[in-house]
1. Which of the peptides 92-101, 125-134, 111-120 is most tightly packed, and how do the rest follow, judged by the mean count of other Cβ atoms within 10 Å per residue?
2. Can you list residues from other chains, or at least 5 along the same chain, whose modelled amide H is less than 5 Å from the amide H of Met151?
3. Taking all pairs of distinct Cα atoms, average 1/r, flip it, and tell me the Kirkwood hydrodynamic radius of the stretch 39-105 in Å to one decimal place.
4. Which FRET efficiency value, to the nearest 0.05, do you get for Thr75 and Glu179 by plugging their Cβ-Cβ distance into 1/(1 + (r/R0)^6) with R0 = 25 Å?
5. Going down the list Lys56/Lys100; Lys72/Lys170; Lys77/Lys170; Lys100/Lys120; Lys56/Lys170, which pairs span over 24 Å between their C-alpha atoms?
6. Which FRET efficiency value, to the nearest 0.05, is calculated for Gln51 and Lys100 with the Förster distance at 25 angstrom and r the Cβ-Cβ distance?
Amino acid sequence: MKKNLKMVIILSFLLFIYCSICAISYAQNISYDIANSVFRLHVIANSDCTQDQDLKYVVRDRLLDYMNSICKNCTSKEEAIYIVEENKNTFEQIAIDTIKEQGYDYPVKINIGNFEFPTKNYGDISLPAGFYDALRIEIGEAKGQNWWCVMFPPLCFVDISSGVVPDESKELIENNLSEEEFALVSEPQNKEIQFKFKLLEFFANNGLITAKK
């Protein structure tokens, strides 16, 4: 009897390990594919004081206007990144000029790289936590609250209050994801999809996946 119990415990433990490995592998692959389909924007304020937070939004709006003018016809993440890299100095100058116009003299640091993002909702599209390629703008000491959006597909202009992402933006996301991956970011009402999304969040938030390969 004790032998059988011991065998059951061992088999249960091995089954748990196997399921855990499968779940982590699934989450890693899904996170990578989702992260590999979007290019994000990350603006960090100098501090959390009201004036610095207001300045952050003014800088954001100017950068978004410029970004929209040069990237509105992009059809892939790679194309969007290439255009932004080619115009990186212009993005920096726009931020510097805007800050001066508002009466401040904060320095600006701009980087294009792979950065960690929390789970974020854009209308009826949700992106899980993980590491994403992004254009990061740091204002001054960059110790204030962050502002995030998606430059490609263009979700920065989504009216969050309406809760709806334009069909053309969804189509760009759908074209770069598998059917299941697209369901994960666009169908939160589905109970099975909710569970899988929470699985991604759990592993990402606990450092078990990074969405990087």
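No value in this document is a laboratory result; all are computed from the given coordinates. Everything quoted here is computed from the prediction, not taken from an experiment. A quick note on method: Cβ atoms are made from the backbone with ideal geometry, for glycine too, and the neighbour counts reach across all protein chains shown.
1. My ranking of the peptides, most packed first, is 125-134, 92-101, 111-120.
2. Placed amide hydrogens put Phe39, Arg40, Leu41 under 5 Å from Met151.
3. The answer is 12.8 Å.
4. Calculated transfer efficiency: 0.80.
5. Where the Cα-Cα span goes over 24 Å, the pairs concerned are Lys100/Lys120; Lys56/Lys170.
6. That pair, Gln51 with Lys100, gives E of 0.95.
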